[in-house]
Amino acid sequence: MSPSAPGDQADGPSVGRSQALTACLRLPGDCERTPGRARAYLGLILADWGVCETVRADLQLIVSELATNAVTCTRSSEITLEITLTDDEAAVSVADHGPHRHLHAQHAAPDAESGRGLLIVEALASRWDQSGDDAGGTTVRAAITLPACKPPPTALLPEDAPHHHAHSTPER
């Protein structure tokens with residue numbers, strides 16, 4: 001998927017004041033393909049930024065749920081996906097321009113075909129929240145704390161360092 005597909009407005013990654021990487025994509029709010037396009041764009045950006053596959057997959061599921069809510073629950077002509085990466089977390093926000101709605105995670109009936117999206121977001125995200133804007137739209141944000149990165153162990157020893165051998169003793 002090209003970030004600049006017809007009907008989409010994309011801004012590439014940039015470095016802000018806080019040294020966070022950000023990217024933004026505007027998508028049609030009335031198109032059933034919008035959640036898939038948001039998911040694909042997010043995956044490309046996070047891969048380019050070196051985010052691990054597990055975090056990418058979880059955020060792609062989150063953004064799919066948030067974009068689906070924006071497309072199916074509002075009359076917004078456009079939604080905006082914003083992606084932010086800091087040293088500590090990867091975050092997404094999905095904003096619509098439809099009527100503001102207060103969202104909450106709720107349990108759906110076992111045979112219901114929808115209604116579990118925010119439960120999924122709540123389960124995967126380290127944190128999530130929502131806000132209304134002055135024009136009446138809704139922005140939902142979700143973030144995942146990044147796993148601690150450990151430098152690879154070094155096996156470099158000085159030339160004159162004694163070599164240690166592990167001794168095993170039989171278990172009793």
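No value in this document is a laboratory result; all are computed from the given coordinates. Only a predicted model underlies this, so the values are computations on that prediction, with no experimental measurement involved. Here the Cβ positions follow ideal geometry from the backbone for every residue, glycine too, while neighbour counts run over all protein chains shown.
Here are the numbers for the structure shown:
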quantity: Label-to-label distance, nm, for residues given as D129 and C31 (7 Å Cα→Cβ offset); calculated: 3.2
quantity: Local electrostatic count at A142 - Lys and Arg +1, Asp and Glu -1, tallied over other residues with Cβ under 12 Å; calculated: -4
quantity: Proportion of all alpha-carbon pairs of the stretch 21-100 beyond 19 Å (%); calculated: 30
quantity: Ranked list, fewest to most other Cβ atoms within 10 Å of each Cβ, for S77, S64, S126; calculated: S77, S126, S64
